Amino acid sequence: MDGSENLATLDVGAIVIGLCGGLALFLSGLEQMTDALKSVAGGGMKHLLARLTTNRFKAAFTGAFVTAVIQSSSVTTVLVVGFVSAGLLSLAQSVGIIMGANIGSTVTAQIIAFKITKYGLLMVAVGFALRYIIKHDRLKRYGSLIMGFGLIFYGMEVMSDSTQALRTYDPFIQWMRDMGNPLLGILAGAVFTALVQSSAVTTGIVIVLASQGFITLEAGIAIAFGANIGTCVTALLASIGKPAEALQAAAIHIAFNIFGVLIWVFFLDNLANFVRWFSPMAEGLEGEARRAAETPRQIANAHTVFNVANTLIFIWFTRPIAAMVQRLIPHRMSKRELLAQPQFLTDILLETPSLALDNVRRELVRLGDFALKMVNKAPATVLHGNKEDVLAIAKMDDTVDALHESIVGFLGRLTQEELTLDQARQVHDFIAAANYIENIGDTIETNLVTVGLERVGRDVQIGEDALRRMKPLFERIVWSVERSMVALAQADISAAIEVLDAKEDIGDLADNAREDLIICLSQQDTFDSADYRIEIDVIENLKRIYYFSKRIAKSVLDMEDESAAA
């Protein structure tokens, strides 16, 4: 029977519908499982990410764990970019996390290689019951997790059933045999993974085909190699238009995966034999039936061995790899442009709200640091600086405005995702905190800079004792901004309360500064109204800055109260 006759016996429509429907179920289940894992293990991810270490092996474990939960090595890479950009990690220290991310991405293959597809609908039913009947929130999350697993396995079963008819279609069988050519297999895996932007999807389909006996172990390994290369596309796309650190991290991801494949492609048969040696065997089966029973688990094991081995090989060369990438991709943006760029925010994080909100908090602290620098420089510059000094203070607010816009825009996009009630409240509180910090910058840029330019324009000479009069108030204002930022960064309730409790003290210090000014001016031969108005404006705007620090502290208390009540 030739190919055309063979094709006439196929119900092509049924095959296409089965494959598309099964793939849709598989992808829906994978997304639901991933979302549930993020919710269940979110605290663990935060804990690990908060304790990133210079130990390369612990860093690799961190990368593996986070990726196993969020099912995206690209998201893990993007998270690392933020830490590198902020100076919390060197690029060399981040390499271990990026390597570990590849290990974490093999977890899905191990899960779907279990031969429990016939229990898929049962898992869907159990998960549905937990999710929609049980009232306990934690059980609901586990219900979503079980239901996601069920959809994955049921989708695989649908795809498997729909491809059974292809067993007699010679051209398809020959095409699968061609995948035994490593270069063709790698190319097919890379292209398909780049298109769907998920190595888990590629691996899942390969395992389905292997369970039908269509794909040999060697062909499955080659396609898995290609999937490792294709998955780099997501991180590369996410780095476009970002600071050099993003491109450098994406380049490390790409180089690690490509070099790993280049090393192993010459030992593909050796890897296949090694995996056959320790993988479970299907006793009592022969020929195609035995291959169909054994190959799915062998492919999953080969995927894991390949990525673990690559990490163990390359982890000793983290510093040379980082140095090479930094030479190839140097910084091209000016220091001011880099400062205005968000270091922790990228849209790929929107799919993981818990991690996105953690990174928003870090970006808010950066925003607060820029505002604090303006507060530190403003009084002396406004009272005694020249025109260039005053305008330089105004220029600093450009960075605050640009970063504020990025943070609020990111939070706006985050509201379009599926958020828990607690996460939605946190988004609202973070937007408020961002606005209060930006208001500090605007108070300086709009009010105090205007006073300074007026002083310079009218050539008003303010005495050196003006700063002495304001020093206690000024120091307390700087302290309030610093403590409000500590409260925001660390969710520190005690720091927030300290800022709120300072209201009376700051009021007294402002009154003392005004009284000292009046006494000083009254002792002069003539009352200089310009001196008085300028100093009073500075005092009043310092009090206004405290007001915004107080609002930031209050927002922290609100967040903690809402979190405790949730």
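None of Ile407, Ile393 is farther than 27 Å from Glu475 by Cβ, touching a helix residue (DSSP H, G or I) at 6+ places or on another chain (Cβ under 9 Å), surrounded by 16 or more Cβ atoms within 10 Å (Cβ to Cβ) and touching a residue at least 24 places away in the same chain (Cβ under 8 Å) except Ile407.
The numbered conditions (1) modelled with pLDDT of 80 or more; (2) open to solvent by 10 Å² or more (accessible area, probe 1.4 Å) are all true for Ser198 except (1). Can we say Ile497 is modelled with pLDDT of 90 or more, more than 26 Å from Asp398 (Cα to Cα) and open to solvent by 40 Å² or more (accessible area, probe 1.4 Å)? Considered against the rule, which asks whether it is modelled with pLDDT of 90 or more, more than 26 Å from Asp398 (Cα to Cα) and open to solvent by 40 Å² or more (accessible area, probe 1.4 Å), Ile497 comes out as yes. Look at the range 461-476: where a residue is closer than 11 Å to Leu542 by Cα and a partner is assigned to a loop (DSSP other than H, G, I, E, B) and modelled with pLDDT of 75 or more, sitting 6+ places away or on another chain with Cβ atoms under 8 Å, you get Arg476/Ala502. Every test in (1) without any contact (Cβ under 8 Å) to a residue 60 or more places away in the chain; (2) assigned to a helix (DSSP H, G or I); (3) in contact with a Lys or Arg (Cβ under 9 Å, 6 or more places away or on another chain); (4) among the aliphatic types (A, V, I, L, M) is passed by Ile258 save one, and that test is (3). Return yes or no: is Asp561 open to solvent by 50 Å² or more (accessible area, probe 1.4 Å) and either outside any helix (DSSP H, G or I) or at pLDDT 75 or above (or both)? Answer is no for this residue.
You will find that of Pro379, Pro330, Pro320, the residue that is open to solvent by 40 Å² or more (accessible area, probe 1.4 Å), over 27 Å from Thr203 (Cα atoms) and part of a helix (DSSP H, G or I) is Pro320 and no other. If only residues of the range 247-264 that are open to solvent by less than 10 Å² (accessible area, probe 1.4 Å) and among the small types (Gly, Ala, Ser) are counted, the one that is modelled with the highest pLDDT is Gly260.
Just to verify a result, which residue in the range 212-231, among those that are over 17 Å from Thr304 (Cβ atoms), crowded, with 23+ Cβ neighbours inside 10 Å and out of contact with any Phe, Trp or Tyr (no Cβ under 9 Å at 6 or more places or on another chain), is modelled with the highest pLDDT? Residue satisfying both the conditions and the ranking: Ala219. The sole residue among Thr443, Thr420 that is exposed (fewer than 15 other Cβ atoms within 10 Å of the Cβ) and not charged (D, E, K, R) is Thr420. Of all residues in the range 275-289, none satisfies being open to solvent by 30 Å² or more (accessible area, probe 1.4 Å) and either closer than 22 Å to Val201 by Cα or touching a Cys at 6+ places or on another chain (Cβ under 6 Å) (or both).
The values are calculated or read from the model by the stated rules, or taken from the named source; none is laboratory data. These numbers come from a predicted model, not from an experiment. So basically every Cβ, Gly included, is an ideal-geometry build from the backbone, and we count neighbours across all protein chains shown. For the accessible areas, the whole protein counts, side chains as well, though only heavy atoms, and no ligand, DNA or RNA atoms are used. Shrake-Rupley method; radii C 1.70, N 1.55, O 1.52, S 1.80 Å.
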